[in-house]
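Pasting a structure below so you can have a look.
Since every read-out is calculated from the coordinates, none of them should be taken as a lab result. These numbers come from a predicted model, not from an experiment. Virtual Cβ from ideal backbone geometry, glycine too; neighbours counted across all protein chains shown.
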Amino acid sequence: MKYTNIVEGVFIARPNRFIAKVQIDGKEETAHVKNTGRCREILVPGTKVCLQYFGPAVYKRKTKYDLVSAYKGDMLINIDSQIPNTVAEEWLRSNEKITYIKREYVYGDSRVDFLLGSHNDKKILLEIKGCTLEKDGTGFFPDAPTERGRKHLRELTEALKNGYKAALGFVIQMDGISRVCPNTETDPGFGELLEAAYEAGVDILFMECHVERDSLEVIRVTTYNNRPVFWL
């Protein structure tokens with residue numbers, strides 16, 4: 001996935017979860033933050049960030065910039081929470097074993113990110129989560145309590161009983177990280193449900209990415225405990 005019109009700046013502050021104050025070419029600007037998570041370990045005053053410039057004339061925009069990535073030391077982390085599904089779909093479409101893709105599939109009282117088909121089987125549910133939290137070379141999810149994430153795990157587990165295959169995919173939005181662990185300090189319930197889902201048969205996928213200032217790409221997909229998944 002490619003961005004256009006990327007510029008660099010310096011993070012100053014985050015008055016609320018939707019906007020950030022940044023400095024670009026010596027001038028303070030307001031940018032839209034494309035992630036409502038905490039990102040406390042990333043968005044630190046003085047951090048170099050990358051932003052997408054839209055200009056003042058773009059229809060219905062309140063800011064000229066979107067904050068899409070930030071440096072944590074030498075590591076560039078994409079924090080755009082709207083992009084994991086896009087890069088996951090790009091990878092899925094490159095997978096010759098996938099013959100059918102439907103986004104936003106209605107299941108129960110919610111929508112699952114993808115309904116997939118492989119070898120005439122159109123009953124594979126895939127939910128995607130973006131991982132931006134890193135500790136000591138390992139990814140962690142979530143960075144804030146997530147009732148929505150817990151709900152998705154319960155739904156994927158229940159779907160197995162109704163004849164579906166199910167998977168949860170973590171799009172790791174940074175280089176060099178190959179696995180994601182549940183952040184039990186922040187949301188112990190998510191960790192418990194993730195383990196129960198795996199034991200029930202929900203596959204856990206780690207979607208390793210390469211990040212540039214203007215792009216994000218899935219480069220490798222592995223599974224928790226290397227469990228075989230026929231459509232990978």
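Using a cut-off of 9 Å between beta-carbons, work out the net charge of the residues near Glu8 (Lys and Arg +1, Asp and Glu -1, Glu8 not included).
Net of charged neighbours comes to +2.
Related question: Run through every distinct alpha carbon pair of segment 64-185 and return the Kirkwood hydrodynamic radius in angstroms, one decimal place.
With all distinct Cα pairs of segment 64-185 included, I get 15.7 Å.
Ok, one more. On a 0 to 90 degree scale, rounded to 10, what angle separates helix 84-94 from the longest Cα axis of the chain?
For helix 84-94, the angle is close to 50 degrees.
Would you list, by chain and number, the lysines whose Cα falls below 19 Å from the Cα of Lys97, excluding same-chain residues fewer than 8 positions away?
Leaving aside lysines fewer than 8 places away in the same chain, those within reach of Lys97 are Lys122, Lys123, Lys165.
Under a 5 Å amide H to amide H cut-off, with H placed in plane at 1.01 Å, what residues pair with Val33 once short-range neighbours are removed?
Ile19, Ala20, Leu67
Could you give the angle, 0 to 90 degrees to the nearest 10, between helix 147-161's Cα long axis and the longest principal axis of the Cα atoms of the chain?
20
Can you tell me what the convex hull of the Cα atoms of the chain projects to on average, as an area in nm²? Could you put the intermediate results ahead of the total?
Working: hull surface 52.5 nm².
For the chain, the mean projected area of the Cα convex hull comes to 13.1 nm².
Determine Rg/Rh for segment 150-222; Rg is computed over alpha-carbon atoms and Rh is the Kirkwood hydrodynamic estimate from the same atoms. List each step's numbers first, then the result.
Values: Rg = 13.9 Å, Rh = 13.3 Å.
Taking Rg over the Kirkwood Rh, I get 1.04.
Name the residue farthest towards the positive end of the dipole of segment 1-117 from the options Gly9, Leu115, Val33, assuming +1 on Cβ of Lys and Arg, -1 on Cβ of Asp and Glu, about the Cα centre.
Val33
Return the whole-Å distance between the Cα centroid of segment 178-218 and the Cα centroid of segment 39-89.
21
Taking amide hydrogens as modeled 1.01 Å from N in the peptide plane, which residues meet the under 5 Å criterion relative to Asp203, leaving out close sequence neighbours?
Ala166, Ala167, Leu168
Next up: Tilt of helix 188-200 relative to the longest C-alpha principal axis of the chain, in degrees (0 to 90, nearest 10)?
Between the helix axis and the principal axis of the chain, the angle is about 30 degrees.
Which peptide among 154-167, 219-232 comes first, and what is the full order, when sorted by highest mean count of other Cβ atoms within 10 Å? If you can, show how the numbers build up before the last one.
Numbers: 154-167: 17.0, 219-232: 13.0.
Result, highest mean Cβ count within 10 Å first: 154-167, 219-232.
Sticking with this one: Can you list the HN-Hα couplings for segment 108-121, worked out from phi with the Karplus curve (6.51, -1.76, 1.60; θ = phi - 60°), rounded to whole Hz and with x for Gly and Pro?
x, 9, 8, 10, 9, 4, 9, 9, 10, x, 8, 6, 6, 9
Apply the Karplus curve 6.51 cos²θ - 1.76 cosθ + 1.60, θ = phi - 60°, to the phi angles in segment 33-41 and return the couplings in whole Hz, x for Gly and Pro.
For segment 33-41, the Karplus-derived couplings read 8, 8, 7, 8, x, 6, 6, 5, 7 Hz, x marking Gly and Pro.
So who's got an amide H within less than 5 Å of the one on Ile79, skipping anything under 5 residues away but keeping other chains? H placed 1.01 Å off N, in plane.
Excluding prolines and chain starts, which carry no amide H, the hits are Ser69, Ala70.
Could you work out the helix-only [θ] at 222 nm for the chain, with each DSSP H run of four or more residues adding -39,500 (n - 2.57) and the total divided by the number of residues, to the nearest 500 deg cm²/dmol?
It lands at -5500 deg cm²/dmol.
About its Cα centre, how strong a charge dipole does segment 6-78 have in debye, to the nearest 20, once Lys and Arg get +1 and Asp and Glu get -1 at the Cβ? Walk me through the numbers on the way to the answer.
Values: 13 positive and 7 negative charges, 81 e Å.
Around 380 debye, computed over segment 6-78.
Then there's this: To the nearest 20 debye, what charge dipole does the chain have about its Cα centre, counting +1 at the Cβ of each Lys and Arg and -1 at the Cβ of each Asp and Glu?
On the way: 33 positive and 33 negative charges, 137 e Å.
Dipole size: approximately 660 debye.
Considering the dipole of the chain built from charges on the beta carbon (Lys and Arg +1, Asp and Glu -1) around the Cα centre, which of Thr47, Ile101, Leu76 is farthest to its positive end?
Final value for the positive-end residue is Ile101.
Just need the relative contact order of segment 84-226 here, percent rounded to a whole number, with Cα pairs under 8 Å and 6+ apart.
With pairs under 8 Å counted, the relative contact order is 21 percent.
Sorted by average packing, counted as other Cβ atoms within 10 angstrom per residue and highest first, what order do 21-33, 187-199 take?
187-199, 21-33
Okay, moving on. Note down the relative contact order for segment 6-78 as a percent, whole number, built from C-alpha pairs under 8 angstrom at least six residues apart.
The normalised contact order for segment 6-78 reaches 30 percent.
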